[in-house]
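The values are calculated or read from the model by the stated rules, or taken from the named source; none is laboratory data. Please read these numbers as outputs of a predicted model, since none were measured by experiment. Neighbour counts are summed over all protein chains in view; Cβ atoms, including those assigned to glycine, are modelled from backbone coordinates with ideal geometry. Please note that ligands, DNA and RNA were not included when accessible areas were found on the heavy atoms of the full protein model with its side chains. Shrake-Rupley method; radii C 1.70, N 1.55, O 1.52, S 1.80 Å.
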Amino acid sequence: MPMPHRTFKQVIKRRLVGKEGGERVRELRAILIELPNYKNGPYADLRKWVEAQLDETRGRSRVLHRDSLSVRREGVAQIAFVGPPNAGKSSLLQVLSNVQIKTGDYAFTTTRPVPALTRIRGVLVQLVEIPGLIEGAHEDRGGGRALLGVLRGADAIVLCHEAARPVSELDAIRHELELAGIERPTVLVATKVDEAPAPSGALAVSVLDDASVDRLRDAIWDLTGLIRVFLRKPGENEAEAVALEPPATIADVARTIHHDVAESCRGARVWGPTARFAGQRVGREHVVADGDTLEIVVR
């Protein structure tokens, strides 16, 4: 009996992380061989999704964009790490995601956007390091137009500043974002606070201090504006975290499983913040909150 289709899709996404071009095509072909060949139902939909990914990958492989950059979106949200050269962005991304990134004590160590996936509160969030933005980026200095193009696709920004440097260094970056018309939820992070104190209003983070890294994870989650509910099957203890934009109803949660489930959903049993008592039966239009655990009821 195959594993649940939602679990299989998560496994597929993890297998595709970091793979592009021919390597991604080969992986997708292997996945198609492994998938059950059902003609209808959620596994048929999953096969169509994998086939669409394969077509998209082949299409990208035929086109070379010399004047633009793109980052494939993965996870429930995309968070861009922005700051001057050598502001500690690579080190933060590495400690948050375990991805191996070239770091150095000199400017422009990173020359292209670097994506990485991390799990925050049970769900995958994509972090993207943007190479150091400089004054004149909107006029394409330092390849700035392409980098700003990547930023336009992000959901939020972590603005990184080395604690020992003047805060005024961020003025040029803020100005470039303003000129480019980019407004996103933002948190200011002071890096390397083991070497110097953080300026007022900044979240102090050191890659040597696990507690400060955990606080950064919490701040990143807050930037997404999402809530989490936990789905489980009747009689089972294991629950799967699902992220949604608030306000979200039981019907919205069912829709994340499959459109057939959404259509047949009659409500749910709820444990958590919105339940008056454990296992309360609620209807389709019941509004969920972060931390709710649900068992979807279908007819």
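Can you tell which of L294, L231 is crowded, with 18+ Cβ neighbours inside 10 Å, of a type outside the set (V, I, T) and under 18 Å from P42 (Cα atoms)?
Numbers: L294 fails: under 18 Å from P42 (Cα atoms).
The conditions single out L231.
Which residues, counting only those in segment 208-239, are among the β-branched types (V, I, T) and out of contact with any strand residue (DSSP E or B) (no Cβ under 8 Å at 6 or more places or on another chain)?
Taking segment 208-239 as the starting set, the residues that turn out to be among the β-branched types (V, I, T) are 213, 220, 224, 227, 229.
Once the filter is applied, which keeps residues that are among the β-branched types (V, I, T) and out of contact with any strand residue (DSSP E or B) (no Cβ under 8 Å at 6 or more places or on another chain), segment 208-239 yields only V213.
Filter segment 238-271 down to the residues that are of a type in the set (S, T, N, Q) and in contact with a Lys or Arg (Cβ under 8 Å, 6 or more places away or on another chain), then identify the one that is surrounded by the most Cβ atoms within 10 Å (Cβ to Cβ). Explain how you work it out, then say what you get.
Within segment 238-271, the first condition is being of a type in the set (S, T, N, Q), and the residues that meet it are 249, 256, 264.
Those still in the list that are in contact with a Lys or Arg (Cβ under 8 Å, 6 or more places away or on another chain) too: 249, 264.
Details: T249: 18, S264: 13.
It comes out as T249.
The conditions are (1) closer than 30 Å to R14 by Cβ; (2) part of a strand (DSSP E or B); (3) of a type in the set (A, V, I, L, M, F, W, C), and V213 fails exactly one of them. Which is it?
Condition (2) is where V213 drops out.
How about segment 89-111: which of its residues are part of a loop (DSSP other than H, G, I, E, B) and either more than 26 Å from H175 (Cβ to Cβ) or at pLDDT 90 or above (or both)?
If we filter segment 89-111 for residues that are part of a loop (DSSP other than H, G, I, E, B), which is where we start, we get 98-111.
Scanning segment 89-111 gives N98, V99, Q100, I101, K102, T103, G104, D105.
Do you know which residues across segment 239-267 are within 23 Å of the chain's Cα centre (by Cα) and not in a helix (DSSP H, G or I)?
Of everything in segment 239-267, those that are within 23 Å of the chain's Cα centre (by Cα) and not in a helix (DSSP H, G or I) turn out to be A239, E240, A241, V242, A243, L244, E245, P246, P247, A248, T249, H258.
Among T186, T191, T224, T256, which is of a type in the set (S, T, N, Q), closer than 30 Å to V150 by Cα and touching a Leu at 6+ places or on another chain (Cβ under 6 Å)?
Working: T191 fails: touching a Leu at 6+ places or on another chain (Cβ under 6 Å); T224 fails: touching a Leu at 6+ places or on another chain (Cβ under 6 Å); T256 fails: touching a Leu at 6+ places or on another chain (Cβ under 6 Å).
Being of a type in the set (S, T, N, Q), closer than 30 Å to V150 by Cα and touching a Leu at 6+ places or on another chain (Cβ under 6 Å) holds for just one of T186, T191, T224, T256, which is T186.
Residue by residue through segment 135-172, note down the ones that are under 22 Å from T224 (Cβ atoms) and β-branched (V, I, T).
V150, I157, V158
One line per residue, one yes/no per condition, for (1) open to solvent by less than 70 Å² (accessible area, probe 1.4 Å); (2) modelled with pLDDT of 75 or more; (3) of a type in the set (A, V, I, L, M):
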| position | (1), (2), (3) |
| --- | --- |
| M1 | no, no, yes |
| R6 | yes, yes, no |
| R15 | yes, yes, no |
| L28 | yes, yes, yes |
| E34 | no, yes, no |
| K39 | no, yes, no |
| W49 | yes, yes, no |
| V63 | no, no, yes |
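If I ask for residues that are in a loop (DSSP other than H, G, I, E, B), out of contact with any Ser or Thr (no Cβ under 7 Å at 6 or more places or on another chain) and not small (G, A, S), which ones from segment 268-287 would you list?
Step one: filter segment 268-287 for residues in a loop (DSSP other than H, G, I, E, B), giving 272-279, 283-286.
From the residues that got through so far, the ones that are out of contact with any Ser or Thr (no Cβ under 7 Å at 6 or more places or on another chain) too are 273-279, 283.
P273, T274, R276, F277, listed by residue number.
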